[in-house]
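The values are calculated or read from the model by the stated rules, or taken from the named source; none is laboratory data. All of these numbers come straight from a predicted model, not from anything done at the bench. Heads up, the Cβs are rebuilt from the backbone with ideal geometry, glycines too, and the neighbour counts pull from every protein chain shown. Surface accessibility is based on the protein's heavy atoms, side chains included, excluding ligands, DNA and RNA. Shrake-Rupley method; radii C 1.70, N 1.55, O 1.52, S 1.80 Å.
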Amino acid sequence: MVRDCMRNGTGFVIVLLASGRETDRDNRPFDVGTYSEIIDFEPLEHGYLGIICRGQQRVHIQAPRQTKAGLWVGDTELYGDEPAGAVPESYEHLADLAMQLITELGPPFDLDTPQPHHPRLLSSRLAELLPIPADVKHQLLELRHPIPRLHQHGCLVQPIVQPTPPLCQIH
């Protein structure tokens, strides 16, 4: 698959399994994933190839089917348009958190120019960067509007990153 993507200049869809494990023949993927493209690669030990991918857009997978090699394939369509707009002020602390995580983690997470004031991109980066369970990440991916996704991220990080209440700030 990687060879074909690199030869043809195409991408692939990253999707979470709804059931089974990756090595099981009876596994089944969810029907929403992220179309991604390979942006860099490097040879690794024992003949492995390390790849860095960039997610492009959410897609709905239609009529998924498994090849003899165990690879899932299917037709895709865009998973809905998302409204444009700015990150609401009540979620600006999430933009700050994303910037801090990107800075601390470094490569490959800092390869893209951060866009912390774009709700869709911010919610996508938070899902990528935060240590949250895969099934929760998938639930976030399925939400069709970025503001509810930001709200959910806010709920997830609230126990960890509590903004200092105004009365407690040191002047």
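I need the full set of residues from the stretch 122-137 which are free of Cβ contacts under 8 Å to residues at least 40 places away in the same chain and surrounded by fewer than 18 Cβ atoms within 10 Å (Cβ to Cβ), in order please.
Taking the stretch 122-137 as the starting set, the residues that turn out to be free of Cβ contacts under 8 Å to residues at least 40 places away in the same chain are 122-123, 125-127, 129-133, 136.
Result: LEU129, PRO131, ILE132, PRO133, VAL136.
Any chance you could count how many residues in the stretch 35-58 are in contact with a helix residue (DSSP H, G or I) (Cβ under 7 Å, 6 or more places away or on another chain) and either among the β-branched types (Val, Ile, Thr) or surrounded by fewer than 10 Cβ atoms within 10 Å (Cβ to Cβ) (or both)?
Number of matching residues: 2.
Please count how many residues of the stretch 8-32 are at pLDDT 85 or above, of a type outside the set (Val, Ile, Thr) and either open to solvent by 70 Å² or more (accessible area, probe 1.4 Å) or part of a loop (DSSP other than H, G, I, E, B) (or both).
Final tally of qualifying residues: 7.
Restricting attention to the stretch 88-99, does a residue exist that is under 18 Å from PRO146 (Cβ atoms), of a type in the set (D, E, K, R), free of Cβ contacts under 8 Å to residues at least 12 places away in the same chain and open to solvent by 50 Å² or more (accessible area, probe 1.4 Å)?
Step one: of the stretch 88-99, the residues under 18 Å from PRO146 (Cβ atoms) are 88-99.
From the residues that got through so far, the ones that are of a type in the set (D, E, K, R) too are 89, 92, 96.
Next cut, free of Cβ contacts under 8 Å to residues at least 12 places away in the same chain only: 89, 92.
Of the ones still in play, those that are also open to solvent by 50 Å² or more (accessible area, probe 1.4 Å) are 89, 92.
So far as the stretch 88-99 goes, yes, one or more of its residues are under 18 Å from PRO146 (Cβ atoms), of a type in the set (D, E, K, R), free of Cβ contacts under 8 Å to residues at least 12 places away in the same chain and open to solvent by 50 Å² or more (accessible area, probe 1.4 Å).
Kindly evaluate GLY50 against the criterion of being touching a Phe, Trp or Tyr at 6+ places or on another chain (Cβ under 9 Å), at pLDDT 90 or above and under 17 Å from MET6 (Cα atoms).
yes
In the stretch 53-75, which residues are among the charged types (D, E, K, R) and not in a loop (DSSP other than H, G, I, E, B)? Can you show your working first?
In the first step, residues of the stretch 53-75 are kept if they are among the charged types (D, E, K, R); the result is 54, 58, 65, 68, 75.
Of everything in the stretch 53-75, those that are among the charged types (D, E, K, R) and not in a loop (DSSP other than H, G, I, E, B) turn out to be ARG54, ARG58, ARG65, ASP75.
Here are the criteria: (1) closer than 27 Å to ILE147 by Cα; (2) surrounded by 10 or more Cβ atoms within 10 Å (Cβ to Cβ); (3) among the aliphatic types (A, V, I, L, M). Tell me which single one ALA84 does not satisfy.
Just one mismatch for ALA84, condition (2).
Which one of the conditions (1) farther than 21 Å from LYS137 by Cβ; (2) open to solvent by 50 Å² or more (accessible area, probe 1.4 Å); (3) over 17 Å from the mean Cα position of the chain (by Cα); (4) without any contact (Cβ under 8 Å) to a residue 24 or more places away in the chain does GLU104 fail to meet, given that it meets all the rest?
(1)
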